[in-house]
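Please read the structure below before turning to the comments.
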Ligand SMILES: O=C(O)CCC(=O)C(=O)O
């Protein structure tokens, strides 16, 4: 695919100067980085070494030993297939609410994760890192008091189509008790990465109603982002990436190892602080 990646600084065709990737070490990651994403003054924040090598190694040993059974996203919708542990909200849509099975699976997934990983919990470590940065813990988003599941373990080895994630467009404005999110961020922290491929691309382009003819399963034909400014990021094991998930994004296929992340969304609302869901 032809992509228009970050132009050189000072270039006459420099594109949007606020659409750049910012890299920070985990101990320097702070509220300002999250605010920059929420305000749209940075395209993505790459956080180095958010999860410790020991935690990643121990979590992978348990996953390789089959401690958690990975299911796949609904294959009628998601192709190439993506494996996951934990229910993803966009697999359960029934009109403007999730199907009843979602709540049962959410409860069960929390119990199973606790039993299988205990203190070797990449989700807990990711939330601790976000809490240090933001100053307060992000809370699960809720519907009529019920907490949504957050912290999918997701394995994307064969890439992901160009797509965008916007819970407001999927479910309408009344899903979350705290009101519709003003901004939605994707959070991924990798427990394992593959030596080849697996680059994440984020385009400075949101969904428009006229994009409908380019729809392809859960994603879109690559023509939807032709000529748009793009950042490309390939983070390593233990690193995390945050970006506005309403911007079109895609993942290159990878080879030579498992590309596995703890993944969830963060939303910021008028009547809520930071909330999370998967
Ligand atoms: O795995 C990635 O790099 C990004 C995954 C993704 O599409 C998302 O978080 O919405």
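Before moving on, here are some points about what is shown:
- Scope region 138-152; condition touching a helix residue (DSSP H, G or I) at 6+ places or on another chain (Cβ under 8 Å), part of a strand (DSSP E or B) and within 24 Å of residue 27 (Cα to Cα); matching residues: none
- Evaluation of residue 27 against (1) in a loop (DSSP other than H, G, I, E, B); (2) modelled with pLDDT of 95 or more; (3) surrounded by fewer than 16 Cβ atoms within 10 Å (Cβ to Cβ) (one fails), failing number: (1)
- Inter-residue pairs, beta-carbon under 7 Å, first within 11 Å of residue 49 (Cα to Cα) and in region 225-241, second more than 14 Å from the ligand (Cβ to nearest atom) and in a strand (DSSP E or B), 6+ apart: 239/48
- Hey, residue 158 more than 12 Å from residue 264 (Cβ to Cβ), within 14 Å of the ligand (Cβ to nearest atom) and either at pLDDT below 95 or surrounded by fewer than 21 Cβ atoms within 10 Å (Cβ to Cβ) (or both) or not: yes
- Number of positions in region 255-266 that are more than 10 Å from the ligand (Cβ to nearest atom) and either buried (at least 20 other Cβ atoms within 10 Å of the Cβ) or closer than 23 Å to residue 140 by Cβ (or both): 2
- Note on region 176-190: among residues that are more than 12 Å from the ligand (Cβ to nearest atom) and in a strand (DSSP E or B), the one that is surrounded by the fewest Cβ atoms within 10 Å (Cβ to Cβ) is 182.
- Of all residues in region 217-240, none are over 22 Å from residue 15 (Cα atoms), out of contact with any strand residue (DSSP E or B) (no Cβ under 6 Å at 6 or more places or on another chain) and not in a loop (DSSP other than H, G, I, E, B).
- Residue list for region 234-253, restricted to those being near the ligand (Cβ under 10 Å from one of its atoms) and more than 23 Å from residue 276 (Cα to Cα): 234, 252
Residue-wise test of (1) surrounded by fewer than 18 Cβ atoms within 10 Å (Cβ to Cβ); (2) more than 15 Å from the ligand (Cβ to nearest atom); (3) modelled with pLDDT of 95 or more.
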{"site": "210", "(1), (2), (3)": "yes, yes, yes"}
{"site": "216", "(1), (2), (3)": "yes, no, no"}
{"site": "220", "(1), (2), (3)": "no, no, yes"}
{"site": "228", "(1), (2), (3)": "yes, yes, yes"}
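- Test: residue in region 163-175 that is within 19 Å of the chain's Cα centre (by Cα), more than 16 Å from the ligand (Cβ to nearest atom), without any contact (Cβ under 8 Å) to a residue 24 or more places away in the chain and surrounded by fewer than 16 Cβ atoms within 10 Å (Cβ to Cβ): no
- One residue alone among 120, 78 is in contact (Cβ under 8 Å) with a residue 60 or more places away in the chain, outside any strand (DSSP E or B) and within 15 Å of the ligand (Cβ to nearest atom), and that residue is 78.
- Pair list, Cβ under 9 Å, 6 or more apart: region 209-222 residue closer than 14 Å to residue 249 by Cα, other residue modelled with pLDDT under 95 and assigned to a helix (DSSP H, G or I): 218/90
- The residues listed here are 170, 228; of these, the one that is farther than 30 Å from residue 64 by Cα and in contact with a helix residue (DSSP H, G or I) (Cβ under 9 Å, 6 or more places away or on another chain) is 170.
- Qualifying residue in region 126-137 (condition: part of a loop (DSSP other than H, G, I, E, B) and closer than 26 Å to residue 207 by Cα): no
- Cβ-Cβ contacts under 9 Å between residues 6 or more apart (or on different chains), taken from a first residue in region 189-206 that is on the phi > 0 side of the Ramachandran plot to a second residue that is in a strand (DSSP E or B) and crowded, with 22+ Cβ neighbours inside 10 Å, are listed as 197/251; 198/190; 198/251.
- Test: residue in region 139-146 that is surrounded by fewer than 21 Cβ atoms within 10 Å (Cβ to Cβ), in contact with a strand residue (DSSP E or B) (Cβ under 6 Å, 6 or more places away or on another chain) and within 22 Å of residue 59 (Cβ to Cβ): yes
The values are calculated or read from the model by the stated rules, or taken from the named source; none is laboratory data. These numbers were taken from a predicted model, which means no experiment stands behind them. Every residue, glycine as well, gets a Cβ built from its backbone with ideal geometry; the counts of neighbours run over all protein chains shown.
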